[in-house]
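Only one structure is covered here, and it is reproduced in the block below.
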Amino acid sequence: MDVLSSLNLIDLPEQQTRISHPSVNKALKSDAEIRIGFDVCCNCAKKDVSVVCKGCKRVRYCSVTCRKADAQQHQQIDNEEEGHDHPPDDSFGHGSVVCALLRTCDMDEIVEYNDSDANKKSPADLEAAEDRIRSEFESYPATLANILMDGPCYQSIFSKNKSKSHYKKHNDNTDEDDETTLTIHVIGASKEAELWGDINKSSSLRNSLLLPSNVYDAYAEALLELALSNKIPKIKIMFVGPSCPKKNITERRFLTTEGVVTVKDYNKHNKHKNNDGDPSSSSLVCQLIMETHCCDYNNDFMTNGMLLPDIVIFFNPGFTCPDYNWTKSLRFIPDKTHFLVTTNTEMEGIADCQYLHNQKFITTLPHGIEHIINESETRND
């Protein structure tokens, strides 16, 4: 988990603000992708980056002299900002705000990856990092459940008796025969985000973060109230994306009035089973099936015996990010399918809505966002 990435700050602000420096300008002209402060010195853009910032230990310099020069420049800017004066337009350097963000990244990674440096950190810092990481991972199942529970546009789906024509089936898998299945496609899912990555492998870290035993239990616990209150007999979540686990996974949970149980535990402790070995209908509220598919969301996936989705989810997609191309995946979403897009910041949400509207994936913009975009375009004109 990287705070800068979540804020869409892959590069330091120096990448854009320091081009007035002759050496930086020259470096960027020779390689537009070079990262100031990481690949080259943050102060002069030399390739020797053997000295690190004392604060964040991430931003790099060619020498102690450059590091001191950068610190002096920002001490002046910080003083001016504290006095409510605007810093000069040509100001540059490694700022205190970004340094603090990078220190946060460092602390979070120490905790998340169980780094030995954790012993050198204060209990308060470690606890704060654990809170941030737990919040990040819990946000995926919690956001999914809460928005489906509270969003008026999704309520009609839960009670809808779907016809067989709704499905696009190409096999005889009995799991797909239930016409009342609520089908959710999570597009662009990855093992490091929606599926929690290495957290699943570290029971000690899960325990310290007070997380469920694994990510699939977390989704089951989050969706329990939704299933109970809407009497949904079956929910199927399909996590789709090239960054999903290479080996596809299928997990099942039963969401009952007594809580979430695995098939094994229910069959072990419950004496009432039907002929198929599943819990009897008297105690079963909802069967939850979760699958991962390591592939693109495309025609091959959609025609491989898959149920068409009732709801499509994108967690923090960054539709405007140049590193990804979502157009093909978006075009394979069936017409009039309900969908949900989540973002980390309001700015990203506005950009994603504008992208979907410009590409004609949505016909109208939400009123509040339309007002913001129109004001921005008026100022630019």
Hey, can you rank 302-310, 41-49, 364-372 by average C-beta count inside 10 Å, highest first?
-> 41-49, 302-310, 364-372
Going highest first, how would you order 145-156, 217-228 by mean Cβ packing within 10 Å?
-> 217-228, 145-156
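Report the extension gain between Thr364 and Lys68 in nm, rounded to one decimal, defined as 0.36 nm multiplied by the number of residues separating them, less their alpha carbon distance.
Contour length minus the Cα-Cα distance gives 101.4 nm.
After finding the eigenvalues of the alpha carbon gyration tensor for region 114-161, what semi-axes result from the square roots of 5 times each, listed largest first in whole Å?
40, 9, 5
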What FRET efficiency do you get for Asp335 and Ser30 if R0 is 35 Å and r is their Cβ-Cβ distance, rounded to the nearest 0.05?
-> 0.15
Sites Thr345 and Cys153, calculated FRET efficiency, Cβ-Cβ separation with R0 22 Å, nearest 0.05 | 0.45
What full-extension length gain, to one decimal in nm, is calculated for Lys47 and Cys321 as 0.36 nm per residue of separation minus the Cα-Cα distance?
-> 95.9 nm
DSSP-assigned coil residues among trypsin sites (Lys or Arg not before Pro) in region 215-249, each with at most 11 further Cβ atoms within 10 Å = Lys231, Lys246, Lys247
If Lys and Arg each add +1 and Asp and Glu each add -1, what is the summed charge of the other residues whose beta carbon sits under 12 Å from the beta carbon of Gln359?
-> +2
Probe 1.4 Å, accessible area per residue of region 289-381, Å² | 58 Å²
In region 312-381 the accessible area split gives carbon plus sulfur, as whole percent at 1.4 Å, a share of 50 percent
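The values are calculated or read from the model by the stated rules, or taken from the named source; none is laboratory data. Everything numeric here is computed off the predicted structure, so don't read it as measured data. FYI the Cβ positions are ideal-geometry reconstructions off the backbone, even for glycines, and counts take in every protein chain you see. Ligands, DNA and RNA are stripped out before the accessible areas are found, and what is left, the full protein with its side chains, is counted by its heavy atoms. Shrake-Rupley method; radii C 1.70, N 1.55, O 1.52, S 1.80 Å.
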